[in-house]
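Engineer: Input: one structure, supplied below.
The values are calculated or read from the model by the stated rules, or taken from the named source; none is laboratory data. These numbers come from a predicted model, not from an experiment. Glycine gets a Cβ as well: all are built from the backbone with ideal geometry, and neighbour counts include every protein chain shown.
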Amino acid sequence: MHRALIPPSHSLSLGSGASYEGAFSIESASIEGGPEPLGCEHQEDAGDIALFSPVHYESGYAYPLIVWLHGEEGHEDELPRVMPHMSVRNHVGVAPRGTQRAGSGYRWSESGEDLGDAADRVLAAVDAAKERYHIHAERVFLAGYQCGGTMAVRIALEYPEVFAGAASVEGRVPRGGRPLRNINRARKTPLLLATSLEDDALSVSTVNEDLRLLHSAGMAVAMRLYPGGDGLATNMLSDIDAWVMERVCAPAHACS
C-alpha cells in the first residue's frame, strides 16, 4: 500500500499516494506519536541530529549511509518514521536539523549566509554517523524532501568526493549560489528527482526545466513521476532505497 507519509500540511499523518507504475491502493492511518523503531537516537550535543540503526546491525559490514534532509516545517526527528519506508536493513540513517525556523519546525534556507551553515550541519551529521557506525566511505547518499531535496542536490554537487549521489523529492534543482561551479568534479554524481504529477509547488514543466539544466551540464539524472497530489508518499521512499541499492550493488561496487 502506498501512503502519503508527510502531506503538504507537514503533519505526519497518512493520506493518498501511489507509484507511477501500475495500479495502487490507498490507506488512511496516522503514525504521528507512534512508537519509534529500535535503534533510533537523538544527539543534541552533535548539533541536533537523529540517527537510525538498521535491524540486526553487523559491525563488521560497512553500511551505506542515508543523510535525510527534512522539508518545510520539518525536523530531524522525522527520521525514524522515514527510514523504515526505505529499508529497515539496508542502510544507516542520519538526519540533521534545518538551518532556519519555519512554523512549528525548521527549513533549509537557500540564502547565501545559510548555505555554509547547511553544509557544516550535513558534514557534521556524516561524521557523527561514522563515529557511531561502520559506514562505507564511498556509499554516503543524500536524500531530502522539498527544500531538503534542493539542499541535498546542492551539497552533493558541492562535495562530490563525499557523497555518492543525491535524491530530491519535490524539491527544485538549486539556482542561486553557483551550484554548478564544481561541475567538472561533480558531473558523475548520480541524481534522482521525484515529484507528483499534481504537485502544486513543483509542476511538471518546472521539473522538465530542471532536467534540461542538469542534462546540459552532462549530469546523470533519473526521474520518477507519481500520480496524485503532492506529499511524501511511502513508495517514493522505497524507490529511493531501490535507486541507492542499484548503485551500491553496481558491478564496479559489488555488494559486500
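Engineer: Answer yes or no as to whether residue 14 is at pLDDT 50 or above and of a type outside the set (Asp, Glu).
Structural biologist: Spelling it out, it is not the case that residue 14 is at pLDDT 50 or above and of a type outside the set (Asp, Glu).
Engineer: Mind telling me which of the residues 144, 165, 148 ends up being surrounded by 20 or more Cβ atoms within 10 Å (Cβ to Cβ), under 20 Å from residue 77 (Cβ atoms) and touching a Ser or Thr at 6+ places or on another chain (Cβ under 7 Å)?
Structural biologist: Exactly one of 144, 165, 148 is surrounded by 20 or more Cβ atoms within 10 Å (Cβ to Cβ), under 20 Å from residue 77 (Cβ atoms) and touching a Ser or Thr at 6+ places or on another chain (Cβ under 7 Å), namely 144.
Engineer: Can I ask one more? Condition first: more than 17 Å from residue 156 (Cβ to Cβ) and touching a helix residue (DSSP H, G or I) at 6+ places or on another chain (Cβ under 6 Å). Now tell me which residues in the stretch 183-218 satisfy that.
Structural biologist: Residue satisfying the conditions is 195 alone.
Engineer: Select from the stretch 166-193 the residues that are among the aliphatic types (A, V, I, L, M) and at pLDDT 90 or above and write down the one among them that is nearest to the chain's Cα centre (by Cα).
Structural biologist: Only one residue fits best here, namely 167.
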